[in-house]
Amino acid sequence: MAKTHNVTEFIFLGLSSNPEVQKACFVIFLLLYTAIVLGNFLIVLTVMSSRSLGSPMYFFLSYLSFVEICYASTTAPRLISDLLAERKAIPLWGCMTQVFFIHLFAGTETFLLTVMAYDRYVAICKPLNYTTIMNQQACAILVGAAWVGGFVHSLAQILLVFRLPFCGPRMIDHYFCDLLPLLKLDCSDTVLIGLLIVANGGTLSVISFVVLLSSYVVILLHLRTRSSAGWRKALSTCGAHVTVVTLFFGPCIFIYLRPSTTLSVDKTVAVFYTVITPLLNPVIYSLRNAEVKKAVKRLWTRAVKAEER
């Protein structure tokens with residue numbers, strides 16, 4: 001494949017060309033990104049400082065929140081700064097770096113959500129063996145495997161586009177660098193690469209989603225013999241995770257499990273999975289989990305007392 005040439009930078013068209021809309025979006029996305037960082041950091045801090053949240057479920061939740069911060073930070077700061085910039089340019093190396101880290105954190109989150117589903121399966125279906133199966137070493141290995149899986153996925157994606165012969169135009173009809181918008185700027189035949197991107201990104205999303213749904217079907221079948229109180233407790237525990245899984249995988253499957261074409265709605269969908277979903281993660285888990293809410297209150301009380309001293 002020919003080496004990349006001619007194009008040394010790309011120009012984002014952004015979300016809108018209307019200056020007034022851009023100013024309004026600047027304020028909105030600045031507030032959203034601030035909420036993402038603070039909300040997810042609060043979960044990480046709460047889990048790390050609370051003895052009551054020492055179970056594997058919260059261990060995985062803290063890593064999920066950390067990944068959400070990283071994931072949102074690959075696109076949101078650039079989007080926010082570009083909303084006030086006249087020229088939204090990004091160098092070629094910066095574009096490739098953004099593609100790599102977007103898929104690194106998205107892939108890691110995909111595997112981490114799968115690990116969390118396995119944790120719920122063991123906790124509900126094999127409660128007597130839970131502490132033995134999900135010991136500290138096993139949890140660390142599973143988190144490490146999620147990061148390795150995300151890295152392999154991201155490396156495969158970046159290798160598909162890194163050496164594409166971009167020779168113009170250099171306008172990206174998006175607000176960040178991603179695979180499908182970049183394929184439109186390539187001056188070679190991208191049919192095979194498009195299929196490989198679908199096979200990598202789309203298939204990964206679908207397989208992970210099917211595995212997650214299957215695990216919850218098994219859990220629900222197992223709960224048939226439980227009391228109504230057991231049903232409520234299990235569903236309360238799993239409900240937040242199911243919500244996050246649906247919000248994350250729905251847009252990803254829509255974007256990556258189709259031929260290598262871009263649609264006008266893609267930017268709106270991208271806003272959802274790069275900004276809205278990371279924002280909803282702490283809200284969903286804190287509002288649907290009594291233990292997290294209690295731990296946050298205790299953390300806040302300690303902070304207020306420390307401030308008074």
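The values are calculated or read from the model by the stated rules, or taken from the named source; none is laboratory data. Source: prediction; values computed, not measured. For neighbour counting, all protein chains shown are included, and Cβ atoms are generated from backbone atoms with ideal geometry for every residue, glycine included. The accessibility values were calculated without ligands, DNA or RNA, using every heavy atom of the protein model including side chains. Shrake-Rupley method; radii C 1.70, N 1.55, O 1.52, S 1.80 Å.
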**Asked** Is there a residue in the range 229-250 that is at pLDDT 75 or above, over 20 Å from Leu112 (Cα atoms) and either touching a helix residue (DSSP H, G or I) at 6+ places or on another chain (Cβ under 6 Å) or part of a helix (DSSP H, G or I) (or both)?
**Response** no
**Request:** Could you pull out the residue among Ala24, Ala35 that is among the small types (Gly, Ala, Ser), touching a helix residue (DSSP H, G or I) at 6+ places or on another chain (Cβ under 8 Å) and either open to solvent by less than 40 Å² (accessible area, probe 1.4 Å) or at negative phi (or both)?
**Result:** Ala35
**Request:** For the range 143-170, name all the residues that are modelled with pLDDT under 85 and open to solvent by 20 Å² or more (accessible area, probe 1.4 Å).
**Result:** Leu160, Phe162, Arg163, Cys167, Gly168, Pro169, Arg170
**Request:** Take Ser188 and decide whether it is at pLDDT below 75, open to solvent by less than 70 Å² (accessible area, probe 1.4 Å) and not in a helix (DSSP H, G or I).
**Result:** yes
**Fill in**
Across the range 50-76, the tally of residues that are open to solvent by 50 Å² or more (accessible area, probe 1.4 Å) and in contact (Cβ under 8 Å) with a residue 12 or more places away in the chain stands at 4
